[in-house]
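Presented below is the structure to which this report refers.
Each reported figure results from applying straightforward, stated rules to the coordinates on display, with no laboratory input. Since we're looking at a predicted model, the values are computed, not measured. Cβ atoms come from the backbone with ideal geometry, glycine included; neighbour counts cover every protein chain shown.
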Amino acid sequence: MSDAPHLADRAEQPYAAISGKVTMAGIGPLAQRTGEVFGWLAARGISPAGPPFLRYNVIDMERELDIEAGVPIGTSAEGDHQVKVGTLPAGRYAVLNHVGAPDTLIGAVDKLLSWADAQELTWDSADTQDGERWGCRLEILLTDPAEQPDMTKWETQLAFRLADSG
């Protein structure tokens, strides 16, 4: 079940993440690596500044996806061979909140993409030889799986950056 899509301005946000190039079947195992990011942050005394997310940098559903399993942080930090540090860009985003298991997100993504198309919005994305490259396309897990083990009750926020964001 998804709420109505809407627009929202998001501020720039530092983050730490583990990145990987995976097929569709590899998304879940990479997403589970956010635990490693939380551990990495804890070992450095860095507090998370929000819920974990997946950032989709390049999408080619037939081949592979370049994604990051990340955690927002409140301060800049220096990455290493395991965890990279970056900044999610500020800008205007199309947003949709969805409740359901991760395998139901495809329908929520379709709903957000269709809504934006009907609104004549343009994504911060470009077609490349590797697939569709996004300026910032996020799936933010708003539910803590440790507190709610029933995946059908998980709330995920989709936030996709628009081209007019600067």
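Using only Cα atoms, find the angle between the long axis of helix 34-43 and the longest principal axis of the chain, and express it within 0 to 90 degrees, rounded to the nearest 10. Value to nearest ten degrees: 40. Kindly express, to the nearest 10 degrees and within the range 0 to 90, the angle between helix 105-118's C-alpha long axis and the longest C-alpha principal axis of the chain. It works out to around 50 degrees.
Expressed in Å, the radius of gyration and Dmax of the Cα atoms of the stretch 71-166 are 15.4, 43.
When restricted to Cα atoms, the chain yields an Rg and a Dmax of 15.3, 46 Å, respectively.
Per-residue extension of 0.36 nm, minus the Cα-Cα distance of THR152 and THR104, leaves a gain of 16.4 nm for this segment.
Net charge near GLN82: determine it from the other residues with C-beta under 11 Å of the C-beta of GLN82, scoring Lys and Arg +1 and Asp and Glu -1.
Working: positive: ARG33, LYS84; negative: GLU36, ASP80.
Residues close to GLN82 contribute a combined charge of 0.
Length gained on full extension, GLN82 to THR143: 19.4 nm, using 0.36 nm per residue less the C-alpha separation. Which of these, GLU62, GLU147, GLU78, has the largest mean-square fluctuation under a Gaussian network model of the chain (Cα springs below 10 Å)? Answer for the Gaussian network model of the chain: GLU147. Working note: Karplus 6.51/-1.76/1.60 with θ = phi - 60° gives the stretch 17-33 the couplings 7, 10, 10, x, 9, 9, 7, 3, 5, x, 5, x, x, 5, 4, 5, 6 Hz, where Gly and Pro are set to x.
Loop-located chymotrypsin sites (Phe, Trp or Tyr not before Pro) in the stretch 111-158 (DSSP state not H, G, I, E or B) with no more than 11 neighbouring Cβ atoms inside 10 Å do not occur. Here each label is just a point 7 Å from Cα along the line to Cβ, and for ASP127 and SER114 those points are 2.2 nm apart.
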